[in-house]
Amino acid sequence: MISRDLTKAIEHLNSGHIVAIPTETVYGLAARIDHPEAVRHIFTTKERPFFDPLIVHVSSLVQAQQLTKEWNVCLQKLAETFWPGPLTLLIKKNDQKVSDVITSGLERVGLRWPSHSLAQQVIAQTGPLAAPSANKFGKTSPTQAEHVESEFRKENIFILDGGPCDVGIESTVLLVNDLNGIFELSILRPGHIKKTDLEKSLQNLNYRFVETVEKSQAPGQMKHHYMPQVPLIIFERLQMSDVDLLEHIQKQLLTLPDEVEQVKIIKPQGEIEKVQELILSKDPRQAARELYSKLREVSQAQPDIIIFKKRSYHQDESWLAVFERLEKAASLIVS
Ligand code: TXA
Ligand code: MG
């Protein structure tokens, strides 16, 4: 049920229910972190495996510090610069306040202070909220209340409507490892806040970026994610037109596994006849904002496949986060 009633949303959360809330990135499926049953309910509703941890949302720096057992100059600088906003910091958790269910047994909790004013007003009245994106596991994330409703028709969830999300893709997830004053940073998920933005804010600190992270530290980094209802094919170089190419795609799609890391791979139902192109704005900011709703829109036209053509201007760092989503959402990349 879609509603603008903030008081009701808060009441539902305080009485141990899950509620979908707007944030500036995507809609989240939220529960109070001190209601363990509600937290479990998030996983079962999303059909999300328990090995994939949840981000906890706060509405102040003090609240973030209460949930953690480390705080250093690097975290302080990042939080001051980018919060409230689309940055999730992975910080050693306070075991009394943050359960192992939330972090899937990891010692760190992902924390984020969202900038959306409704999210802030809710958290101010409920305390910290665990919230993954409000979609079924592996599927396209929601950037409008209506997306959440169509995703959870059967579950009949209370959805607080905050309008379309401004950023449109999920937060940057950053691991900060304090090696006695030298900070090792790893971006586990790229987002609106880019590596160069982080570098600018850390100018006076001793830090380095490390590209590879042990899989155990990043259990949510699946090969596939964000998948629409119809197979998405990315063309890196080729022009889409001739019949041979369609046949080639059809054959390749048939060889795909049904599932990878518990994410179902989307394949065409029969012969490829109807093709729909996904066209995004040339401005990366706008492209991120419209990505998920456009993916849903083109799927609704029920083509056999969706195609997306990669262009040379997509190489820029500003496109990295959008392409991470597109490539994971794709059933096939043709280069
Ligand atoms: O913008 C966002 O981050 C949105 C809004 C609702 O805040 N939330 C979101 O949550 O995208 P979710 O669960 O869809 O994605 C969170 C990602 C997952 O890949 C998860 O594995 C990773 O962050 N993550 C969360 N906590 C973690 C932890 N303690 N250690 C490593 N990765 C973690
Ligand atoms: Mg998600």
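Points worth noting:
- Ranked by how many other beta carbons lie within 10 Å on average, peptides 40-49, 267-276, 133-142 from highest: 133-142, 40-49, 267-276
- Model label points for Thr81 and Asp316, set 7 angstrom from Cα along the Cα-to-Cβ axis, are 2.1 nm apart.
- Annotation: amide H-H contacts under 5 Å for Leu232 (H modelled 1.01 Å from N, sequence separation of 5 or more, or interchain): Ile306, Ser331, Leu332.
- Size of electric dipole in the chain: Cβ of Lys, Arg +1 and of Asp, Glu -1, about Cα centre, debye, nearest 20: 340
- Of His225, Val275, Ile91, farthest towards positive along the dipole that unit charges on Lys, Arg, Asp, Glu beta carbons give the chain: Ile91
- Mean sequence separation of contacting Cα pairs (under 8 Å, at least six apart), scaled by the length of the chain, corresponds to a relative contact order of 20 percent.
- Put a plus charge on the Cβ of each Lys and Arg, a minus charge on the Cβ of each Asp and Glu, and nothing anywhere else: the dipole of the stretch 109-203 about its Cα centre is then about 180 debye.
- For Phe158, the residues 5 or more places off, or on other chains, whose built amide H falls under 5 Å of its own are Ala20.
- For the stretch 1-115: rounded, prolate or oblate by the Cα gyration tensor [a/c cutoff 1.5]: oblate
- Computed over the stretch 1-98, relative contact order equals 20 percent, with contacts defined as Cα pairs under 8 Å that lie 6+ residues apart.
- Estimated [θ] at 222 nm from DSSP helical runs (n ≥ 4, -39500 (n - 2.57)) normalised by residues in the chain, nearest 500: -9000 deg cm²/dmol
- Between the residues Leu175, Asn204, Ala119, the greatest Cα displacement towards the positive end of the dipole of the chain, with unit charges on the Cβ of Lys, Arg, Asp and Glu, is found for Asn204.
- Contact order relative to length of the stretch 12-156, as percent, for alpha carbon pairs under 8 angstrom and 6 or more apart: 35
None of the figures in this text is laboratory data; all of them are computed from the coordinates on show. The structure displayed is predicted, hence computed values, not measured ones. Cβ atoms come from the backbone with ideal geometry, glycine included; neighbour counts cover every protein chain shown.
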